[in-house]
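Scroll down for the structure; my scribbles are underneath it.
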Amino acid sequence: MRIAIASDHAAIDLKTALAEWLHEQGHEVSDLGPAAGESVDYPDYGYKLATEIAAGRVERGVALCGSGIGISIAVNRDSACRCALVNEPLSAQLAREHNDANVIAMGARLIGPEMAKACLAAFLATDFGGDRHVRRVGKLGTPPALTHAQ
């Protein structure tokens, strides 16, 4: 599988460990950076990852920052992406099965490398469940006009 991985400075070590593990599992990995530990802005790397998914250059993505929250928000700005923030394997599995997530986000300050690998393994091994979820996932693209109480 073609997988892109990106992080901010807080998650470089986890990004490196997961990229190596993905290579060992036989996946083609595109490391979108950063390469060094200098401070960077997570939205820049989230947008790079979203662009790869939207363009079809990769099938899945891994987004990492200190908490996983900021980069997941950045990735989800692109309607082609369904990025799920997870901390354990069941959430990763359900993100694929129920939500057809194509990007997984994790927080390097909250999850260790072995748990991150377990989450990623569950994410990659799970297919979209289809059926009743198709209609719901279809509504995740472009939202209807929002109305606000006046």
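The values are calculated or read from the model by the stated rules, or taken from the named source; none is laboratory data. Keep in mind that this is a model prediction, so the values were computed, not measured. Please note: Cβ atoms are built from the backbone with ideal geometry, for glycine as well, and neighbour counts cover all protein chains shown.
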### Query
Restricting the first residue to region 36-49 and requiring it to be among the small types (Gly, Ala, Ser), which pairs with a second residue that is loosely packed, with under 15 Cβ neighbours inside 10 Å meet a Cβ separation below 8 Å and a spacing of at least six or different chains?
Gly46/Arg77
### Task
Among the helices (runs of 4 or more DSSP H) lying completely within region 25-111, list those that include at least 1 residues that are more than 20 Å from Arg2 (Cβ to Cβ) and among the aliphatic types (A, V, I, L, M).
69-75, 89-99
### Task
From (1) more than 20 Å from Leu110 (Cβ to Cβ); (2) surrounded by 22 or more Cβ atoms within 10 Å (Cβ to Cβ), pick out the condition that doesn't hold for Gly56.
(2)
#### Entry: Lone unmet requirement of (1) within 20 Å of Lys117 (Cα to Cα); (2) out of contact with any strand residue (DSSP E or B) (no Cβ under 6 Å at 6 or more places or on another chain); (3) among the aliphatic types (A, V, I, L, M) for Leu49
(2)
### Message
Here are the criteria: (1) more than 17 Å from Gly107 (Cβ to Cβ); (2) touching an Asp or Glu at 6+ places or on another chain (Cβ under 8 Å); (3) buried (at least 19 other Cβ atoms within 10 Å of the Cβ). Tell me which single one Ser30 does not satisfy.
### Response
(3)
### Which listed residue is without any contact (Cβ under 8 Å) to a residue 60 or more places away in the chain and not polar (S, T, N, Q), from Ala10, Ala105, Ala6, Ala17
Ala105
### Message
Show the residue pairs meeting these rules: Cβ distance below 6 Å; 6+ apart or different chains; first residue within region 66-85 and at pLDDT 95 or above; second residue aromatic (Phe, Trp, Tyr).
### Response
Gly70/Tyr42; Ile71/Tyr42; Ala74/Tyr47
